[in-house]
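*Asks:* My questions will all concern the structure given below.
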Amino acid sequence: MRFLVLCISLLFVSISCKKTQKNNAISSQEATQEKRVEHIDYAKGFSITHYTNYTEIKVTAAWPNSKETFTYILTKDKSAYEQKDENTVIVELPIKKMVAMSTTNIPSLEYLGVDDFLVGFPNPDYISSKKTRARIDKGEIKNLNSSIDINMELLLELAPELVIGFSVNGNNETLDKIAQFGIPVVLDGAWTEQHPLGRAEWIKFIAAFFDKETEAHQIFKQVEKDYLDAKQIASHVTEKPVVFSGSPFKDIWNIPGGKSFVAKYLEDANTDYVWKDTPNTGSLQLNFESVLVKAQHAPLWIGAGSFKSKAQMLANSKNYELFDAYKNSNTFTYTNKIGKNGGLLYFELGPLRPDIILKDIIAIAHPDLLPEYSPFFFKRLE
């Protein structure tokens, strides 16, 4: 009996020593490795630090007002690292098969040239990209049902090495379920950024998992240049047209707050946004009367929901006739580019190409500034 106890004791000591040695080895390794922090210009929600043998990504804004930090360790040797807590994920490189949960990831994958690694997507009907739709039609990208009720059996059969997800409020039941099967899940918080270029800069986050850092920097720098060039052109106007934005859902109007990314577009296009002085970074929820009081006589309505015609708007509500912008056919929606199955390219490509959105708004608000330019995402409702 004493011999058995002694053996068990020695076994635990051995395991403890090995674990301590491993942790000490990792600490020593981290201390001696070269460190390079990737430069992030606009995005506030993530950081990337490169070491000799691994890359560390920290996401601090996975959803609005999140207090949690998620750490992703990217390495070619997963066995050398231990998961320190539930918010740390070890991702082994290279990635050859992955699943995305949002259409906004599609353009980044395509621009970086890694879209062929996408093997599954929940309800891919609303993916608008012609290139990715061709792969869906060929059966190369499997339909995983929905992000709420994901086809777990099919997901496990696909055996992705990475799932890029998102969280609206920290309730990640589906993603937690995926992670329980040992599949690395990472959270993309691009949609929480309040600067349009901050949203676009999350391409660097995607790129890190595919060793595409150089490509991501080149892509982003070009987008940034085009955005700032357009902003500079608009800065010379002396008259700012009054603009309002937003649309109702049932009886509640969702209006971009004065500190939202939509308001930033309208500011950089040198317009006078009706709700520019409100402190909200998200949407204001207003009733019809309060919207009418402030916006009835605004000459421009940019971002009037997903309507495709004035007749469709009127069929939805007679109240639209009370706005000058509607009566004068100065109402614009982001329905100019619609995918094969009804998805709006504005929501898919727009976050990566804020330069195009800004030029669209400038062309609408100041037609003389870009006389040869035709809006890409937006169209005037007739």
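No lab work stands behind these numbers, since they all come straight from the coordinates. Since the structure is predicted, the reported quantities are computational estimates derived from the model, not experimental observations. All Cβ positions, glycine included, derive from the backbone under ideal geometry; neighbour counts span all protein chains shown.
*Asks:* With respect to the cross-link table entries Lys130/Lys337; Lys308/Lys359; Lys308/Lys337; Lys35/Lys84; Lys337/Lys379, which display a Cα-Cα separation exceeding 18 Å? Could you put the intermediate results ahead of the total?
*Replies:* Details: Lys130/Lys337 12 Å; Lys308/Lys359 21 Å; Lys308/Lys337 11 Å; Lys35/Lys84 20 Å; Lys337/Lys379 9 Å.
Where the Cα-Cα span goes over 18 Å, the pairs concerned are Lys308/Lys359; Lys35/Lys84.
*Asks:* Using a cut-off of 10 Å between beta-carbons, work out the net charge of the residues near Glu92 (Lys and Arg +1, Asp and Glu -1, Glu92 not included).
*Replies:* Summing Lys/Arg as +1 and Asp/Glu as -1 gives 0.
*Asks:* While we're on this one: Order the peptides 140-150, 295-305 from the highest to the lowest mean number of other Cβ atoms within 10 Å of their residues. Please list the in-between numbers first.
*Replies:* Numbers: 140-150: 15.8, 295-305: 19.9.
Sorting 140-150, 295-305 by mean packing, highest first, produces 295-305, 140-150.
*Asks:* Check cross-link reach from Lys138 to the aspartates and glutamates: straight Cα distance under 16 Å, and skip same-chain residues fewer than eight apart.
*Replies:* Excluding near neighbours in sequence, the set is Asp115, Asp116, Asp125.
*Asks:* Checking the cross-link filter: which aspartates and glutamates have an alpha carbon closer than 14 Å to that of Lys177, excluding same-chain neighbours under 8 positions apart?
*Replies:* Glu86, Asp149, Glu153
*Asks:* Work out from phi, with θ = phi - 60° and the Karplus expression 6.51 cos²θ - 1.76 cosθ + 1.60, the ³J(HN,Hα) of each residue of the range 368-380, listed in order in whole Hz, and give x for Gly and Pro.
*Replies:* Ordered by residue, 3J(HN,Hα) equals 6, 6, 10, x, 9, 9, 10, x, 8, 8, 9, 9, 7 Hz.
*Asks:* Now a separate question. Return a single number: how many Lys pairs in the range 180-264, at a sequence separation of 8 or more or on separate chains, have alpha-carbon atoms below 21 angstrom apart.
*Replies:* Counting lysine pairs in the range 180-264 gives 13.
*Asks:* Pick from Leu74, Leu266, Leu156: which is most flexible by mean-square fluctuation in a GNM of the chain where alpha carbon atoms under 10 Å apart are linked?
*Replies:* Leu156
*Asks:* Ranked highest first by the average count of other Cβ atoms within 10 Å around their residues, in what order do 272-281, 181-190 fall?
*Replies:* Details: 272-281: 16.3, 181-190: 20.2.
Listed from highest to lowest mean packing, they are 181-190, 272-281.
*Asks:* Okay, moving on. Computed from these coordinates, which is P(r) over Cα pairs in 20 Å bins from 0, in percent: (1) 25, 44, 26, 5, 0; (2) 25, 50, 20, 4, 1; (3) 27, 58, 14, 0?
*Replies:* Calculated P(r) over Cα pairs in 20 Å bins from 0, in percent: the matching label is (2).
*Asks:* Further question: Once the Cβ-Cβ distance between Leu322 and Ala179 is put in as r, and R0 is 45 Å, what FRET efficiency do you end up with, to the nearest 0.05?
*Replies:* On the way: r = 50 Å, r/R0 = 1.12.
Efficiency for this residue pair is about 0.35.
*Asks:* If each residue of separation counts as 0.36 nm, what is the full-extension length gain between Lys340 and Asp137 once their alpha-carbon separation is subtracted?
*Replies:* Numbers: separation 203, 0.36 × 203 = 73.08 nm, distance 1.13 nm.
My answer for the length gained is 72.0 nm.
*Asks:* For the range 31-223, rounded, prolate or oblate, judged on the Cα gyration tensor with a ≥ b ≥ c (square roots of eigenvalues), a/c < 1.5 rounded, else prolate if a/b > b/c? Let's see the in-between values first.
*Replies:* Values: a/c = 1.41, a/b = 1.22, b/c = 1.16.
Here the range 31-223 falls in the rounded category.
*Asks:* Right, here's the next one. Can you tell me how the range 235-380 classifies by the Cα gyration tensor, rounded, prolate or oblate, using a/c under 1.5 as the rounded cut?
*Replies:* Rounded, because the longest to shortest axis ratio a/c is under 1.5.
*Asks:* Could you tally the net charge around Leu118, taking each other residue with its Cβ under 13 Å from the Cβ of Leu118, Lys/Arg +1 and Asp/Glu -1?
*Replies:* Working: positive: Lys96, Lys97, Lys131, Arg133, Arg135, Lys138, Lys142; negative: Glu110, Asp115, Asp116, Glu140, Glu161.
Once all neighbours under 13 Å are counted, the net charge is +2.
*Asks:* Which listed residue (Tyr373, Asn341, Leu352) has the Cα farthest towards the positive end of the charge dipole for the range 340-379, taking +1 on Lys and Arg C-beta and -1 on Asp and Glu C-beta about the Cα centre?
*Replies:* Towards the positive end, the residue furthest out is Asn341.
*Asks:* Per DSSP helix of 4 or more residues, -39500 (n - 2.57); summed, then divided by the residues of the chain. What does that give at 222 nm, rounded to the nearest 500?
*Replies:* -10500 deg cm²/dmol
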